Amino acid sequence: MNNIYIYNGEFNALLNLLAYFFQNKIKPSNIKKEGYLGNLFDYVINLNLDNKDLTSQFINYFGKYNMHQIYYVFLSNEDNKELIIYYYLLNFFKYRENLVKMRNLKCVNETLRICKKVGNEAHRFKGFVRFKELKNKILYATISPDNDILEIISVHFKKRLKNEYWLIKDEKRKIISVYDKKDFYILKEDELNIKDLILSDSEKDMERLWKTFYDTVGIKERTNERCRMNFMPKKYWHNILEVSGEIEKSC
Amino acid sequence: MELKEKLQILADSAKYDASCSSSGSTRINNSGLGNAHLSGICHSFASDGRCISLLKILLTNICIFDCKYCLNRRSNNVKRAIFTPEEICEITINFYRRNYIEGLFLSSGIIKSPDYTMELLIKTISLLRYKYHFGGYIHAKAIPGASTFLLKKLGSLVDRLSANVELPTENGLKLLAPNKNMNKVSEIMGFVRDNRSKSYVPAGQSTQMVIGATNETDLDIMSKSEGMYNSYKLKRVFYSAYIPVNKDNLLPTLKMPPLKRENRLYQADWLLRYYGFKVDDLLDKQNPNFNILVDPKASWSLRHLDEFPKEVTTCSYNDLLKVPGIGVTSAKRIIKSRRYFKLTFNDLKKMGVVLKRANYFITCNGKYNLNQELFSKNFIEANLVSLDSANKLVSNVEQLRLF
């Protein structure tokens, strides 16, 4: 029988579940989000733990670096990310500070690989986000990244666009990051009423100027479609102003 | 003239400058707009696959110089335009707020005199920094021949300053750019090197050379680069394959820009900066040009096959870097991990080693991954050539020499 433990999908709830496993020496077959249906051989267990805030305790014990690693894994879209985190931390008890050097362990290698993947996508989106200016000067952007990177890029834009009001919406996860010139808050889409977005008067002109620049700057004699696609995959194009018009053409 | 048309003309004239980097600066946002990101950020990629991080424009394409290879030379009959400082600020700020760009790359044709041009650049960038409180990345071109105090001023406003040497030898320069001379560029580089600090050109200086417009060899080009890296502490030298934009009997007629050659020069440039190679290791008087079919590192390894295979579990970091298929990242990972467990070929693969290349040059715990009898120059070279994906891409590379 496979013992599948479920949790509510929040990071802190996962930490509580992991702490419970480590304290009681339980070895889960897998860990899944609520809503997991399971198959014939699965035994789905919901412990309904009393969730305490364990973040600082975890940081104290496992160290900042390892917590950073598992948080990035948590943000990823990997299927068995919770189990990878479990095994990564489990191995910490054995290898302590040397854990990250043990690349021959599957859980370490996977953790490092996924972290890099999430970090890379977040870095890409620091460049790929395209804001539109609304009538009330608020900047508004939509993205649909593979991993849940909204928080990471919000930290970046908080520093960069300090004196602007901005919203970034993750279409895939239906969440929005809202910045009010002091801090950003990540809300569910239905908690916020954003309809009837009216663009500012100069928005279309600016978009046209940018498109002009983009179309001019490529050197014709060096055209390299494959190279462009490697760096800027098509899956992101519909939210990138200057290339969104090319999607229909090539289909 | 409409703003859109100006932008088109002045972006079109600026696009042949290869530099696109926005890294190396940590400028922070003091309650204004924008900051610099240490690693740099690419915001878009143009149809030629080059990254767009900065709004790369000329202040004006009016120019008193007559450099043969340049679109904006005085004798060319092209439409001329000039931006006002306000126009540049408006575009930069509006693009930056919308996250289209990481900052501004401002260059210019020489209008009236070097000093006058430099003053215009300074006026524009001061406006951007002090009136618009712009904290993003700015890369400006220093104009050769301008006064030192203007150079001092400009450098204190920007993140990166560059002056292009354009051609690796004085002769080439005399031939194609009669108004330029090497000494003026060297003066700028020397000045920037001596004054560089956190508040003066924090991201360092770079330069560019045009490849294939004159008959210099790769050895000439790489020696020039090495010399500049050593004496001026440049961050980067960019290589730009010559694209014929003008007709002139002093210029070569090319069907295709020498992209493959440019690629090999960049690979060699990385070997100089990160892999501990010297130009003398890579090229000599008998072989003054790179092999187009095999990359410079592999071709070095093939010439020094007696030093291989290397044992990855014991050899030094510098030796690891000499192995084709092992880069800086994977070499560091190997060094970090190999004390803690017994490496296998599978582990190497997981660490990012490109085994299909490295296999020929390494042993792991004394084991060679391929048939030891096939360890010969011809066999390895043939296999490496077929692996070079670029060879498959560039259709006009002639398949010669082998088999």
Based on Cβ point charges of +1 for Lys and Arg and -1 for Asp and Glu, what charge dipole magnitude is obtained for region A:129-199 about its Cα centre, in debye rounded to the nearest 20? 340 debye
Solvent-accessible ranking of B:K233, A:K117, A:K101, B:K278, largest area first, probe 1.4 Å: B:K233, B:K278, A:K117, A:K101
Given the DSSP H assignment, sum -39500 (n - 2.57) over each helix run of at least 4 residues in chain B and divide by its residue total; what's the result at 222 nm in deg cm²/dmol, nearest 500? -11000 deg cm²/dmol
Would you work out which of B:L302, B:L321, B:T344 lies farthest towards the positive end of the dipole of region B:298-352? Charges go on Cβ: Lys and Arg +1, Asp and Glu -1. B:T344
Once you have the Cα-Cα distance between B:Y130 and B:N183, take 0.36 nm times their residue separation minus that, and quote the gain in nm to one decimal. 15.8 nm
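In region A:1-44, carbon and sulfur make up what percent of the accessible area (probe 1.4 Å)?
Looking at region A:1-44 in its full context, I get 49 percent from C and S.
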Find, among the chymotrypsin sites (Phe, Trp or Tyr not before Pro) in region A:23-104, those assigned to loop by DSSP (not H, G, I, E, B) with at most 12 other beta-carbon atoms within 10 angstrom. A:F41
Solvent accessible area, Å² - A:E34, 1.4 Å probe, full protein context: 110 Å²
If I compute solvent accessible area with a 1.4 Å probe over the protein chains, what percent of it on region B:3-282 is carbon and sulfur? 52 percent
Using heavy-atom solvent-accessible surface (probe 1.4 Å) with all chains present, what is the largest-first order of B:K131, A:K94, B:K310? A:K94, B:K131, B:K310
For A:R208 the rounded accessible area (nearest 10 Å², probe 1.4 Å, non-protein molecules ignored) is 120 Å²
Express as a percent, rounded to the nearest 5, the fraction of DSSP beta bridges in region B:3-282 (both residues included) that run antiparallel. 15 percent
Within the P(r) computed for region B:3-282, what percentage of the Cα pairs occupies the region above 22 Å? 56 percent
Just to be sure I follow the rule: in region B:272-332, considering lysines 8 or more places apart or on different chains, how many pairs have Cα atoms under 17 Å apart? 7
Solvent-accessible area per residue, Å², over chain B with all protein chains present [probe radius 1.4 Å]: 42 Å²
What is the calculated FRET efficiency for A:V155 to A:D50, with r their C-beta to C-beta distance and R₀ = 51 Å, to the nearest 0.05? 0.95
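Where does each of A:E10, A:E151, B:E102 land when they are ordered by accessible area, with a 1.4 Å probe and the largest first? Spell out each step's value before the answer.
Details: A:E10 115, A:E151 70, B:E102 0 Å².
The most accessible residue leads, giving A:E10, A:E151, B:E102.
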For region A:74-85, Karplus-derived ³J(HN,Hα) couplings (6.51, -1.76, 1.60; θ = phi - 60°; whole Hz; x for glycine and proline) come out as 4, 6, 7, 9, 5, 5, 9, 4, 5, 5, 4, 4
Charges only on Cβ, +1 for Lys and Arg, -1 for Asp and Glu: so what's the dipole of region A:201-251 about the Cα centre, in debye to the nearest 20? 360 debye
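Averaged per residue, what accessible area in Å² does region A:180-251 show with a 1.4 Å probe, protein chains only?
Values: 4610 Å² over 72 residues.
So region A:180-251 comes to 64 Å² accessible per residue, rounded to a whole number.
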Cβ-based charge dipole, the protein assembly as shown, positive-most Cα from B:Y274, B:G172, B:P288: B:Y274
Using the Cα centre as the reference, give the magnitude of the dipole from point charges on the C-beta atoms of region A:2-119 (Lys, Arg: +1; Asp, Glu: -1; all else neutral), rounded to the nearest 20 debye. 580 debye
Mind checking region B:142-238 for GluC sites (Glu not before Pro) that DSSP puts in a loop (not H, G, I, E or B) and that have at most 12 other Cβ atoms within 10 Å? none
Stretch B:H304-B:Y368 to full length: gain in nm at 0.36 nm per residue minus the Cα-Cα span? 21.2 nm
May I ask for log10 I(q)/I(0) of the protein assembly as shown at q = 0.11, 0.12 Å⁻¹, from a Debye sum over the Cα atoms as equal point scatterers with solvent left out? -1.27, -1.41
DSSP bridge pairs, the protein assembly as shown: antiparallel proportion in percent, nearest 5: 35 percent
Can you give the FRET efficiency for B:M1 and B:S113, using 1/(1 + (r/R0)^6), R0 = 22 Å, r = Cβ-Cβ distance, to the nearest 0.05? 0.35
List the equivalent ellipsoid semi-axes of region A:2-119 in whole Å, largest first, each obtained as the square root of 5λ for an eigenvalue λ of the Cα gyration tensor. 22, 16, 14
How far, in degrees from 0 to 90, does helix B:182-195 lean away from the longest principal axis of the Cα atoms of chain B, to the nearest 10? 90 degrees
Got a number for the accessible area of A:H123? Probe 1.4 Å, square angstrom, nearest 10. 60 Å²
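The values are calculated or read from the model by the stated rules, or taken from the named source; none is laboratory data. Note that the structure is a prediction, hence the values are computed from the model and not measured. Backbone-built Cβ (ideal geometry, glycine too); neighbour counts: all protein chains shown. Note: areas computed on protein heavy atoms with side chains; ligands, DNA, RNA excluded. Shrake-Rupley method; radii C 1.70, N 1.55, O 1.52, S 1.80 Å.
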